[in-house]
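The values are calculated or read from the model by the stated rules, or taken from the named source; none is laboratory data. Note that the coordinates shown come from a computational prediction; the quantities given were computed from them, not determined experimentally. Note: ideal-geometry Cβ built from the backbone for every residue, glycine included; neighbour counts use all protein chains shown.
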Amino acid sequence: MLLLQLVINGLQLGAIYALTAVGFSLIFGATKVFHVAHGAAFTIAAYLFWWTSAVLHMPWPVAALIAVLAAVLFGLFMERFVYRPIQRHEGAFFTVFIAAFGVQIIVQNLVGTIFGRGFVSVTTSLSRSVEVMPGLFVAPIAAISIVVAIIVFTVLTYYLTRTHTGMAMRALSENPDLIRVFGLDPARVAQYAFAIGSAIVVPGAIFTAMTAGLNPAVGAHVMLISLAATIVGGIGSLRGAACGGLLLGLAENLALWRLDPQWSEAVTFVVLFLFIIFRPAGFFGRPHGAK
Amino acid sequence: MSPAADSIGGEVLLQATDVAKTFGGLKAVDNVTFALRAGIITTLVGPNGAGKTTLFNLMTGHLVPDQGEVLWLGKSILRLPHWKIARLGIGRSFQDLKLFANMTVEENVETVTERGSWLWQPGGPSARTARKEKVEATLAATGLVDKRHDRAVDLAYAERKFLSLARILASGARLWLLDEPASGLDPGSYERFLSLLRKQVREGVTICIIEHNLDIVQGISDRIAFLDQGRLLAEGDPKTILSDPALAAIYFGERAA
Amino acid sequence: MWAYIVNLAVLISINAILAVTLNFILGYAGIFSIAHALFFGVGAYTATFVAMKLGADFLLSTAAGMAVGALISLALALPALRVRGEYFVAASLGLQMLAITVFTEWKSVTGGIGGLTNIPPARILGFEVTKPEHFLVLSLTCLVLIILIIRALVRSSFGRSLKAIRDDETAAWAYGKNVAIIKTTAVVLSSALCAVGGSLYAFYLSFINVESFTLDTSVQLMAMVIIGGTATLFGPVVGTILILLLPAGLSYLPYLPPTEIGSIQQIAYGLAMVLLMIYRPGGLWGFQEKPKAKEGGAP
């Protein structure tokens, strides 16, 4: 039974990682920006949700909307005022990386200063576990988060395969020059990518606020795992990022079956490390053509 | 296909046999068999996207062919990593130059002569002197002596092109694969460039150039190979190939039925 | 006041060692590692281990730290350098996070979260270094030596190879350089020299714990290198001084709540990093580059 419990916990956690990883992968695929400040979007959304619903007592749909708005605005802000200027003059990978890292530090500390560094969470009836079977505890929120993740992915897949901008985004990740052929403006597509990619993290952020709780480092933590998930799943593959996130969420929990809790996070990084060494292309990634 | 065997040029240095490379459904190089003979200048021509650079990459180990064989002096180099291939004596330049931008001209040339991977170079003082002389000679031959302390990124356009050539020259490579080395040069620099190439050929270097500009091609080719859509359509004497109307049509964009 | 200054100077010199050695791979070779704090930790823990078991001989402890640091860096470098630079960042990140868990859990060697205390004072050539002023001499000597070593390396053929790899790795391969070996050697050297800082740190404070060797530290080191100017010998030293002086400077501002100084410090250098990346036209390498031309240059 413990095993089943761990699997369910793993899926719930994995759903959160998967959502964040897909957002990151979407942005990277469409814009080639290694947006490691993506975790900051998570932090912002999570804290705003907590603050508006638990502190200001607004109804949760309103709080959720505010969170989405904030995440999207953050993504757009980064694209317009940080990444675009950099890419205009040089845009080397590491320049972007450092800038994003800097923003992530700023956001984490600002959040800590404004909202406090302690642990906060949103308690709802949904987060209380129900004993579904002897020894098996599932909180309704777990089921909801998995369902929401599936819905988000389905909608996203539809968007990417059926709509004009969505297909343009996919084309952009294959070959940036094609985009002009499509008659679309790369800047516009980049904005869409950042907006959507940042919005996707919000369900995960909300669930985290309701279950595990928040501290200012939560975004950075989720970002690390999402990065690992993207690599494990294969850079350039959204499916891979989702599977990678799921896999790492499961691994982190299943590790508890045999290892002490302190080591469960380490498992994630061992998996990452092994993948980088033995299969850098990840599960679904495209192996590089050149040596 | 190729009316080969009218062989001007010496032994076959680099030979690609039946090489192919596909990228995501697109056949970039399609069963090409191509040989570079010693002591001559061969030019590789063809419309944009014909696969010329890819062929270079396949022949120098930067890309692994999906099929086929690449031989250097008769021995297969398919399994060799590209740095070892370079040390065999095959040098190349790049269309986008790939200069070591933040290093000075002198450092760019100097570092090419230093092949060792460890903390000091083998060979002791005599080797060091030889390297110094090589650097001086290279700078003189390419007209970059006055610019030796300038950073590569600060050079003028023509000087960059010459620096790209200087690196290959300093490497002592026996075969030079040049990817559009003279594009955009003013006539004076262009003449200097060509005479430098011809001088090197007289001294034993073999050269293969990817070139777009047919006037340039006419000026220096001993042999021409014509590539289109990944396939080698023709190879041989420049006059014959350049006067072929079918090839001209392809080159200038009208596709034959 | 004097004691305060000496203390600050020692910490600056130790951190400068870390920054200078990080710059060796980051600024000169273009290798982005977020694992530098882990080698700092390895140096500290190993030196302490040797000091507690075999006597606090500084040279022996430091040598041990360097050896272990070099070995572990091989474990990171050899596999990870085969892949593209972006993956190396991720691998170094993974290793750093892994190391934190190891540092926290391997209680017999690292003392766990509590850390190791009562580290005996360093003994060098028969002389026991107890006074901070004397330690400052030791740490400054180490810093100067390390800077000289790196200077020699950078000016050598090895240094040129590193810079070539940084500027254009493809071209470096194409001109016969075994990029993987060269990068690995650089990482090993950088990590071994970094461990010297760890050894100094352990002997100076007589106490170490995992808090000093976390991801935050790695990021702070990176900030020191970047803000000070990469690919220059003294840039990292300048960056170190700036960043370490920051909390002291901030504490003089009257309207800043002291509890927030740590945060504000981080925000300050986070901001510096972002602004530098946006407004410094040439990117990271400490040069002023012209706006991106159509060919050449950009990595």
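Report yes if C:F88 is modelled with pLDDT under 90 and either in a helix (DSSP H, G or I) or surrounded by 24 or more Cβ atoms within 10 Å (Cβ to Cβ) (or both), otherwise no.
Yes: the conditions hold for C:F88.
Being in contact with a Phe, Trp or Tyr (Cβ under 9 Å, 6 or more places away or on another chain), at the interface with another protein chain (Cβ under 7 Å from one of its Cβ atoms) and either of a type in the set (D, E, K, R) or assigned to a helix (DSSP H, G or I) (or both) is the filter here; which residues of segment C:154-178 pass it?
Listed by number, the residues that qualify are C:S157, C:F158, C:R160, C:K163, C:A164, C:D167, C:D168, C:T170, C:A171, C:W173, C:A174, C:K177.
Taking the residues in segment A:88-115 that are among the polar types (S, T, N, Q) and crowded, with 19+ Cβ neighbours inside 10 Å as candidates, determine which candidate is nearest to C:Q265 (Cα to Cα). Talk me through it step by step, then tell me what you get.
The first filter runs over segment A:88-115 and keeps only residues among the polar types (S, T, N, Q), leaving A:95, A:104, A:108-109, A:113.
From what is left, the residues that are crowded, with 19+ Cβ neighbours inside 10 Å are A:95, A:104, A:108-109.
Values: A:T95: 21, A:Q104: 14, A:Q108: 12, A:N109: 9 Å.
Selected residue: A:N109.
Can you tell me which residue is surrounded by the most Cβ atoms within 10 Å (Cβ to Cβ) among those in segment B:141-155 that are part of a helix (DSSP H, G or I) and either within 8 Å of chain C (Cβ to nearest Cβ) or among the hydroxyl-bearing types (S, T, Y) (or both)?
B:A152
Find the helices (runs of 4 or more DSSP H) located wholly in segment A:1-118 whose residues include 3 or more that are within 12 Å of chain C (Cβ to nearest Cβ) and modelled with pLDDT of 90 or more, and list them.
On the way: elements: A:2-31, A:38-50, A:60-77, A:84-89, A:93-115.
Per the criteria, A:93-115.
Could you check segment B:15-53 and list, in sequence order, the residues that are outside any strand (DSSP E or B), under 22 Å from B:L247 (Cα atoms) and aliphatic (A, V, I, L, M)?
Hit for segment B:15-53 is B:A50, nothing else.
Look at B:E159 and say whether it is crowded, with 20+ Cβ neighbours inside 10 Å and at the interface with another protein chain (Cβ under 7 Å from one of its Cβ atoms).
no
Filter segment B:6-47 down to residues that are free of Cβ contacts under 8 Å to residues at least 40 places away in the same chain and touching an Asp or Glu at 6+ places or on another chain (Cβ under 9 Å) and give me whichever is nearest to B:W176 (Cα to Cα).
Only one residue tops the list, namely B:A35.
Within segment C:184-201, track down each residue that is in contact with a Gly (Cβ under 9 Å, 6 or more places away or on another chain) and either assigned to a loop (DSSP other than H, G, I, E, B) or within 14 Å of chain B (Cβ to nearest Cβ) (or both).
C:V188, C:A192, C:L193
Go through segment C:230-270 and count every residue that is of a type in the set (G, A, S), modelled with pLDDT of 80 or more and either closer than 16 Å to C:L26 by Cα or in contact with a Lys or Arg (Cβ under 8 Å, 6 or more places away or on another chain) (or both).
Adding up the residues that qualify gives 2.
Suppose the filter is surrounded by fewer than 17 Cβ atoms within 10 Å (Cβ to Cβ) and away from chain A (no Cβ under 13 Å); does C:K131 pass it?
yes
Please go through segment B:60-76 and pick out each residue that is under 20 Å from B:E11 (Cβ atoms) and either surrounded by fewer than 21 Cβ atoms within 10 Å (Cβ to Cβ) or modelled with pLDDT of 90 or more (or both).
Matches in segment B:60-76: B:E69, B:V70, B:L71, B:W72, B:L73, B:G74, B:K75, B:S76.
Among C:L136, C:L54, C:L140, C:L116, which is farther than 15 Å from C:Y201 by Cβ and out of contact with any Pro (no Cβ under 8 Å at 6 or more places or on another chain)?
Step by step, each of C:L136, C:L54, C:L140, C:L116 is checked, and only C:L54 is farther than 15 Å from C:Y201 by Cβ and out of contact with any Pro (no Cβ under 8 Å at 6 or more places or on another chain).
Taking segment C:89-104 only, how many residues are closer than 12 Å to A:I276 by Cα and facing chain A (nearest Cβ under 8 Å)?
Looking only at that region, the number is 6.
In this structure, is B:T43 crowded, with 22+ Cβ neighbours inside 10 Å and in contact with a Cys (Cβ under 8 Å, 6 or more places away or on another chain)?
Judged against the criteria, B:T43 is a match.
Among the residues that make up segment A:269-291, is at least one of them within 16 Å of the chain's Cα centre (by Cα) and in contact (Cβ under 8 Å) with a residue 40 or more places away in the chain? So that I can check it myself, show each step before the final result.
Taking segment A:269-291 and keeping what is within 16 Å of the chain's Cα centre (by Cα), we get none.
Taking every residue of segment A:269-291 in turn, none turns out to be within 16 Å of the chain's Cα centre (by Cα) and in contact (Cβ under 8 Å) with a residue 40 or more places away in the chain.
Small (G, A, S) and at pLDDT 85 or above: is that true of A:A187 in this structure?
Here the answer is no, as A:A187 does not meet what is asked.
In segment B:83-96, how many residues are assigned to a loop (DSSP other than H, G, I, E, B), surrounded by 21 or more Cβ atoms within 10 Å (Cβ to Cβ) and facing chain C (nearest Cβ under 8 Å)?
Residues flagged as assigned to a loop (DSSP other than H, G, I, E, B), surrounded by 21 or more Cβ atoms within 10 Å (Cβ to Cβ) and facing chain C (nearest Cβ under 8 Å) within segment B:83-96 amount to 1.
Search segment C:178-201 for residues that are over 12 Å from C:I31 (Cα atoms) and pair each with any residue that is of a type in the set (F, W, Y) when their beta-carbon atoms are under 6 Å apart and the residues are at least 6 apart or on different chains.
Between residues of segment C:178-201 that are over 12 Å from C:I31 (Cα atoms) and residues that are of a type in the set (F, W, Y), the close pairs are C:N178/B:W83; C:S191/C:F39; C:C194/C:F39; C:C194/C:F40; C:A195/C:F39; C:G197/C:F40; C:G198/C:F40.
Filtering segment B:110-135 down to residues that are more than 10 Å from chain C (Cβ to nearest Cβ) and within 23 Å of the chain's Cα centre (by Cα), which residue is surrounded by the fewest Cβ atoms within 10 Å (Cβ to Cβ)?
Among those residues, the one meeting the criterion is B:K134.
Determine whether segment B:205-212 contains at least one residue that is modelled with pLDDT under 90, of a type outside the set (A, V, I, L, M, F, W, C) and either out of contact with any helix residue (DSSP H, G or I) (no Cβ under 7 Å at 6 or more places or on another chain) or surrounded by 15 or more Cβ atoms within 10 Å (Cβ to Cβ) (or both).
yes
Got a number for residues in segment C:166-178 being buried (at least 22 other Cβ atoms within 10 Å of the Cβ) and of a type outside the set (G, A, S)?
So the answer is 6.
Output the number of residues of segment C:202-229 satisfying the condition of being outside any helix (DSSP H, G or I) and among the hydroxyl-bearing types (S, T, Y).
Counting residues in segment C:202-229 that are outside any helix (DSSP H, G or I) and among the hydroxyl-bearing types (S, T, Y) gives 2.
Conditions first: (1) within 14 Å of chain A (Cβ to nearest Cβ); (2) free of Cβ contacts under 8 Å to residues at least 60 places away in the same chain; (3) under 23 Å from A:I276 (Cβ atoms). C:K107 passes all but one, so which condition is the exception?
The number of the failed condition is (3).
Restricting attention to segment C:110-128, and to residues there that are of a type in the set (S, T, N, Q) and part of a loop (DSSP other than H, G, I, E, B), which single residue is farthest from the other protein chains (Cβ to nearest Cβ)?
Among those residues, the one meeting the criterion is C:N118.
Out of the residues in segment C:57-83 meeting the condition of being aliphatic (A, V, I, L, M) and out of contact with any helix residue (DSSP H, G or I) (no Cβ under 7 Å at 6 or more places or on another chain), tell me which one is nearest to the other protein chains (Cβ to nearest Cβ).
Taking segment C:57-83 and keeping what is aliphatic (A, V, I, L, M), we get C:59-60, C:63-64, C:66-68, C:70-72, C:74-78, C:80-81, C:83.
Right, trim to out of contact with any helix residue (DSSP H, G or I) (no Cβ under 7 Å at 6 or more places or on another chain) and you get C:59, C:63, C:67, C:71, C:75.
Values: C:L59: 22, C:A63: 19, C:A67: 18, C:L71: 17, C:A75: 10 Å.
Taking the candidates together, the pick is C:A75.
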